[in-house]
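Trainee: Let me begin by handing over the structure; questions about it come next.
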Amino acid sequence: ATKSSVSTLSEVLSLECRPFNISVSYVNTGTVLTSILNKTDSYTAPPTSLYHSFVHNIQKCMDMGRGEGNSLATDPDVYVERVLNKAIGRRGVVKKGRVPVEILEGSHTMSHMVMRWLPKAWYFELIWGLLGKPLEKDKSL
């Protein structure tokens with residue numbers, strides 16, 4: 001919900017600031033290989049937590065962020081260079097014209113870009129199918 005709110009706010013600001021020749025962009029980040037997730041080896045939830053049965057899915061997302069498994073997390077230096085190239089141009093030469101309202105960068109952003117064109121019900125069904133399955137022993141949920 002937060003990403004969607006920032007996206008919408010940025011799009012509206014971009015439209016409202018255009019007459020004043022002010023460009024507004026937001027960066028929609030995919031998986032970037034940073035050390036922030038290295039501070040936690042694993043995620044746990046209290047047994048009474050609503051999310052307890054879904055900890056394995058949360059852990060899977062954290063592992064993707066670390067670049068583990070089949071994940072191809074983007075190197076942070078490559079990520080920054082790509083974002084700056086899209087926003088202001090290559091090799092320090094400021095690009096003329098409007099910057100993009102949305103900059104998609106990082107691993108797995110293409111799949112999100114494609115999936116957002118699906119009807120919302122299909123999109124949520126796909127996401128829930130991938131990340132919404134409780135552990136086998138907790139199938140009662």
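Trainee: Counting only residues that are in a helix (DSSP H, G or I) and of a type in the set (D, E, K, R), which one in the stretch 109-137 is modelled with the lowest pLDDT?
Mentor: Lys137
Trainee: Could you say which residue among Asn28, Asn57 is open to solvent by less than 40 Å² (accessible area, probe 1.4 Å), in contact with a helix residue (DSSP H, G or I) (Cβ under 9 Å, 6 or more places away or on another chain) and at pLDDT 75 or above?
Mentor: Just one listed residue meets the conditions, Asn57.
Trainee: Let me ask another. Answer yes or no as to whether Thr48 is modelled with pLDDT of 85 or more, open to solvent by 70 Å² or more (accessible area, probe 1.4 Å) and not in a helix (DSSP H, G or I).
Mentor: On the way: modelled with pLDDT of 85 or more: yes; open to solvent by 70 Å² or more (accessible area, probe 1.4 Å): yes; not in a helix (DSSP H, G or I): yes.
When the stated conditions are applied, Thr48 passes them.
The values are calculated or read from the model by the stated rules, or taken from the named source; none is laboratory data. Because the structure is a prediction, the values reported are computed rather than measured. With ideal geometry, Cβ positions are generated from the backbone for all residues, glycine too; neighbour counts draw on all protein chains shown. Side chains are part of the model used for accessible areas, which takes the heavy atoms of the whole protein and leaves out ligands, DNA and RNA. Shrake-Rupley method; radii C 1.70, N 1.55, O 1.52, S 1.80 Å.
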